[in-house]
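Visitor: My questions will all concern the structure given below.
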Amino acid sequence: MLSAAAASAIPRLRCATRPRLRRPSARTYWPRPFSSSSSHVTPAPAAGAGAGELEPPDLTRLANAARISLSPQEAEEFEPKIRQLTDWFGQLQVVDLESIEPSLRAGTTADSSLREDKPETFDNRDAIVEAIPSYDDPYIKVPRVLNKE
Amino acid sequence: MPPPLQAHRLLISHRRLPTPARRRFTAVPSLQSAPATTLAPGPATSSILSIRESLLSGERTAADITSEYLSRLRRTEPSLRSFIHVADAAAEREAEELDRRIASGEKDAVGPLAGVPVGVKDNLCTANMPSTGGSRILDGYRPAYDATVVRRLREAGAIVVGKTNLDEFGMGSTTEGSAFQVTTNPWDNSRVPGGSSGGSASAVSARQCIVSLGSDTGGSVRQPASFCGVVGLKPTYGRVSRFGLMAYASSLDVVGCFGSSVFDTATILSVVAGHDKMDSTSSSQVVPDYASELVSLDLLESKPLAGVRIGIIQETLGEGVANGVISSIKGAASHLEQLGSLVEEVSLPSFSLGLPAYYILASSEASSNLSRYDGIRYGRQVSADDLNELYGESRANGLGHEVKMRILMGTYALSAGYYDAYYKRAQQVRTLVKESFKDALERYDILISPAAPSAAYKIGEKTNDPLAMYAGDIMTVNVNLAGLPALVVPCGFVEGGPAGLPVGLQMIGSPFCEGNLLRVGHIFEQTLQNLSFVPPLLAES
């Protein structure tokens, strides 16, 4: 069970928020795909979710969610590169994917096997403990967990 | 699933080779006594078999063979830097132990890989050696267990000589993304070996070891195989256990292998493949003895590939692909035709969409998989006043630039409200890619293409341009999306470097049809005239 402090440290997912959509504008997606014919790309109808521009990445929020501290210089360095990449991802917005089932995986192993739910003792616990940076037998030591406002 | 290779009936290969027939493979003369320039031109032979023969006949000891490879390794490492960690003492000990067991007449002493020096990519856990994943965040980390593939190698008698360099956590196409060192290409040390399994490819190419293990999430075995002029195999998703492979993108990762010949690659695949209870995505399909299905050159008919239907993927031979690569692949296609196969162009719709779809899926899965590197249970910890700061600082300090970028991109793609726009659409593209491969593989036994749009480029050329680097993966990512097996075999050269730069032919098959790919690849390799893929640096020894 998560303590109240830990639980509040996890950013709340803003499920109710929808991305702000703008009218599709002429965009070039770089790099150009290698195939010389792009006849398979069918532009989707202009209206509806997914056809417009999505809100650009908010680096501060993302870095916080990913638990990676970014210095201001790093944020400045990353921002245009990430923007460029997410713009590039935008290529997928204009493809007609109506009625295509999403594939969670390759599907080559339909025979997924489950093993017996029988606990076994791992024979090298010492090595696991040795790898822990901050250990105070039998506890893994961590600093205090703060309430994030 | 399409039936096995049609030409199977017409190949003499369905007659199993009796063991004495193995002597038909010419033993590779030791490279110390026969430098590359004086080796007779011709097809690569099996180093694994020649080691096996020398051990069984008593002509050589494992200690002697290991010492030869370690000495070549030490001599070439200052220039190549393929290895993050070299386990010389352990390797020598293991070789001596093997010799002792052989001498005492122990029945199972000579396993399928007995005495064979192997390299292991550093994102595979090895219990007695550091395993860093190419990252500072795991600097000094020693896993508590061996990856299943490593355990199987050891059980087969292989001698693990060290851990090879890689782009951090498998993210990259040049090995420049390693936190430790940049590996160079044995064909030209101002050029990249490819990535992310660059160290594994260059180690085999430079004969620092005989075979090696790598991993392939978006081309990380196939592209370096092409850049370094070695054979590289990406198995079907589920063919080889991923237990002990540091996860990058769990629905795309596979463990793959490198060898200097198709025969050796087939041998190592048989050893590591197969169901593993520790990997619930591993398949229980039977693992054939792949090497035993390969026909020796003198038993081949004049048209050994008669009846085989091969499709060249049209989208891989157009704009953006170097002329030298296109002509090497067309040359390979006509060689395959001369062997009796039918070769036609085939178009794969949605081919170009695979690249952004791959990067969305891979980054998203990576953002989840890499959340375990938090400085708490293993790896580098940066101390801080509160837990969140400890996470933030440890990860900021330990993770490299490219890894951070991909985690952030993945976090974005998976954020609330963006799932439909990115992740779900990428999965839909995945369906399209799978279906278009399936259609094509119903009409053709094998699909071929280059493994990369160019040969090896210069170190530093793509470091400031992530999209330019990603663009190079166009030939390989779709295969990962569909989970298909693919084999890269060196097929030609382009100009560059002191002796030209190698180009590999990628052959793609249906799920679990590695055997077909290896059979065709072997015939292709054995009949390739006047091309030697031993890099010039070996002639200097």
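The values are calculated or read from the model by the stated rules, or taken from the named source; none is laboratory data. Owing to the predicted nature of the structure, the values given are computational and were not obtained by experimental measurement. No Cβ is skipped: glycine too gets one built from the backbone with ideal geometry, and neighbour counts run over all protein chains shown. For accessibility, only protein heavy atoms count, side chains too; no ligands or nucleic acids. Shrake-Rupley method; radii C 1.70, N 1.55, O 1.52, S 1.80 Å.
Visitor: Give, as a single signed number, the net charge of other residues whose beta carbon lies under 15 Å from the beta carbon of B:Leu348, with Lys and Arg counted +1 and Asp and Glu -1.
Guide: Working: positive: B:Arg430, B:Lys434, B:Lys438, B:Arg443; negative: B:Glu315, B:Glu344, B:Glu345, B:Glu435, B:Asp439, B:Glu442.
So the surrounding residues net to -2.
Visitor: Between B:Ser190 and B:Glu68, what length comes free when the chain is fully extended (0.36 nm per residue of separation minus the Cα-Cα distance, one decimal in nm)? The partial results should precede the final answer.
Guide: Details: separation 122, 0.36 × 122 = 43.92 nm, distance 2.64 nm.
In short, 41.3 nm is gained.
Visitor: For chain B, what does the relative contact order come out to in percent, with C-alpha contacts under 8 Å and a separation of six or more?
Guide: Numbers: 1264 pairs, mean separation 103.8, N = 541.
This gives 19 percent for chain B.
Visitor: Give me the Kirkwood hydrodynamic radius of the stretch A:51-94, using the inverse of the mean 1/r over all pairs of distinct Cα atoms, in Å to one decimal. Please list the in-between numbers first.
Guide: On the way: mean 1/r = 0.0879 Å⁻¹.
This gives a value of 11.4 Å.
Visitor: Then there is this: Once amide H atoms are placed 1.01 Å from N in the peptide plane, what residues at a sequence separation of 5 or more from B:Gly256, or on another chain, have their amide H within under 5 Å of its amide H?
Guide: Amide H neighbours of B:Gly256: B:Gly214, B:Ser215, B:Asp216.
Visitor: Please name which of B:Gly311, B:Leu501, B:Leu73 has its Cα lying farthest along the dipole of chain B towards the positive end, using unit charges on Cβ (Lys, Arg +1; Asp, Glu -1) and the Cα centre as origin.
Guide: B:Gly311
Visitor: Please compute, for the alpha-carbon atoms of the stretch B:219-347, the extent along each of the three principal axes and give them in descending order in Å.
Guide: 45, 40, 27
Visitor: Right, another one. For the stretch B:395-541, what class follows from the C-alpha gyration tensor (a ≥ b ≥ c being the square roots of its eigenvalues): rounded when a/c is under 1.5, otherwise prolate if a/b is larger than b/c, else oblate? Walk me through the numbers before you get to the answer.
Guide: Numbers: a/c = 2.83, a/b = 1.28, b/c = 2.20.
Oblate is the answer for the stretch B:395-541, as a/c is 1.5 or above yet b/c matches or exceeds a/b.
Visitor: Using modelled backbone amide H atoms (1.01 Å from N, in-plane), which distant-in-sequence or interchain residues come within less than 5 Å of B:Gly504's amide H?
Guide: B:Ala451, B:Cys491
Visitor: Could you calculate the contour length gain from B:Tyr141 to B:Ser250, that is, 0.36 nm times the residue separation minus the distance between their Cα atoms, to one decimal place in nm? Could the numbers behind the result be given before it?
Guide: On the way: separation 109, 0.36 × 109 = 39.24 nm, distance 2.18 nm.
This chain segment gains 37.1 nm when fully extended.
Visitor: With every protein chain present, what accessible area does B:Cys491 have (1.4 Å probe, heavy atoms only), rounded to the nearest 10 Å²?
Guide: That residue has around 10 Å² of solvent-accessible surface.
Visitor: Once label points are set 7 Å from the Cα along Cα→Cβ at both B:Arg100 and B:Gln181, what is their separation, rounded to one decimal in nm?
Guide: Output for this residue pair reads 3.1 nm.
Visitor: Another question, then. Apply the Karplus parameterisation 6.51 cos²θ - 1.76 cosθ + 1.60, with θ equal to phi minus 60°, to every residue of the stretch B:192-202 and state each ³J(HN,Hα) to the nearest whole Hz, in sequence, with x for glycine and proline.
Guide: 6, x, x, x, 7, 8, x, x, 5, 6, 5
Visitor: Calculate one ³J(HN,Hα) per residue across the stretch B:490-498 by plugging θ = phi - 60° into the Karplus curve 6.51 cos²θ - 1.76 cosθ + 1.60, and present them in order as whole Hz with x for glycine and proline.
Guide: With coefficients 6.51, -1.76 and 1.60, one gets x, 10, x, 9, 10, 6, x, x, x Hz.
Visitor: Further question: What is the interface area between chains B and A, defined as buried accessible area summed over both chains with a 1.4 Å probe, reported in Å² to the nearest 100? Numbers along the way, then the final one.
Guide: Details: alone 20200 and 14410 Å², together 27740 Å².
Its buried surface, counting both partners, is about 6900 Å².
Visitor: Another one. Are there GluC sites (Glu not before Pro) in the stretch B:40-90 that DSSP marks as loop and that have at most 15 other Cβ atoms within 10 Å, and which are they?
Guide: Details: sites: B:Glu53, B:Glu59, B:Glu68; in loops: B:Glu59.
Taking the stretch B:40-90 and a limit of 15 other Cβ atoms within 10 Å, the loop GluC sites (Glu not before Pro) found are B:Glu59.
Visitor: Calculate, for B:Glu495 and A:Asp117, the FRET efficiency according to 1/(1 + (r/R0)^6) with r their C-beta to C-beta distance and R0 56 Å; round to the nearest 0.05.
Guide: Numbers: r = 60 Å, r/R0 = 1.07.
Computed FRET efficiency for B:Glu495 and A:Asp117: 0.40.
Visitor: Over all residues in B:417-427, what is the mean tally of Cβ atoms on other chains that come within 10 Å of each residue's Cβ? Don't skip to the end; give the middle numbers.
Guide: Values: counts 11, 6, 0, 4, 11, 7, 1, 4, 9, 5, 7.
Mean partner-chain Cβ count within 10 Å for B:417-427: 6.
Visitor: What percent does the relative contact order of the stretch B:136-189 come to when contacts are Cα pairs within less than 8 Å and at least six residues apart? If you can, show how the numbers build up before the last one.
Guide: Working: 26 pairs, mean separation 12.2, N = 54.
For the stretch B:136-189, the relative contact order is 23 percent.
Visitor: Using heavy-atom solvent-accessible surface (probe 1.4 Å) with all chains present, what is the largest-first order of B:Lys163, B:Lys330? Mind showing how you got there, number by number?
Guide: Values: B:Lys163 0, B:Lys330 110 Å².
Result of the area sort, largest leading: B:Lys330, B:Lys163.
Visitor: Right, another one. About the Cα centre of chain B, how large is the charge dipole given +1 on each Lys and Arg Cβ and -1 on each Asp and Glu Cβ? Please answer in debye to the nearest 20. Kindly include the intermediate steps, with their values, before the conclusion.
Guide: Values: 48 positive and 54 negative charges, 147 e Å.
The dipole of chain B has a size of about 700 debye.
Visitor: Please give me the summed charge of the neighbours of B:Arg60: other residues whose Cβ is under 13 Å from its Cβ, Lys and Arg +1, Asp and Glu -1. It would help to have the intermediate numbers written out before the result.
Guide: Numbers: positive: B:Arg52; negative: B:Glu53, B:Glu59, B:Asp64, B:Glu68, B:Asp99.
Once all neighbours under 13 Å are counted, the net charge is -4.
Visitor: Right, something else. Give me a comma-separated list of calculated 3J(HN,Hα) values for the stretch A:92-100, in order, Karplus coefficients 6.51, -1.76, 1.60 applied at θ = phi - 60°, integers in Hz, x for any Gly or Pro.
Guide: Values per residue, Gly and Pro as x: 5, 5, 9, 8, 7, 10, 4, 6, 9 Hz.
Visitor: Then there's this: Highest mean first, what order results for B:271-279, B:101-109 on Cβ atoms within 10 Å? Present the calculation step by step, with values, prior to reporting the outcome.
Guide: Values: B:271-279: 20.2, B:101-109: 12.0.
Packing order, densest peptide first, comes out as B:271-279, B:101-109.
Visitor: Same structure, new question: What shape does the stretch A:64-148 have by the C-alpha gyration tensor, where a ≥ b ≥ c are the square roots of the eigenvalues, rounded means a/c under 1.5, and otherwise prolate means a/b greater than b/c and oblate the rest? Numbers along the way, then the final one.
Guide: Details: a/c = 3.29, a/b = 1.24, b/c = 2.66.
Judged from the Cα gyration tensor, the stretch A:64-148 comes out oblate (a/c at least 1.5, b/c at or above a/b).
Visitor: Additional query: Determine the shape class of the stretch B:329-419: with a ≥ b ≥ c the square roots of the Cα gyration tensor eigenvalues, call it rounded for a/c under 1.5, and otherwise prolate if a/b is greater than b/c, oblate otherwise.
Guide: Numbers: a/c = 5.10, a/b = 2.56, b/c = 1.99.
Prolate shape, in that a/c is at least 1.5 and a/b is the bigger ratio.
Visitor: Show me B:498-506, A:114-122 ranked by packing, highest mean number of other Cβ atoms within 10 Å first.
Guide: On the way: B:498-506: 23.7, A:114-122: 6.6.
Top to bottom by mean Cβ count within 10 Å: B:498-506, A:114-122.
Visitor: Test of understanding: what is the full-extension gain from B:Lys107 to B:Asp385, defined as 0.36 nm times their sequence separation minus their Cα-Cα distance? Present the calculation step by step, with values, prior to reporting the outcome.
Guide: Numbers: separation 278, 0.36 × 278 = 100.08 nm, distance 5.96 nm.
Extra length available between B:Lys107 and B:Asp385 comes to 94.1 nm.
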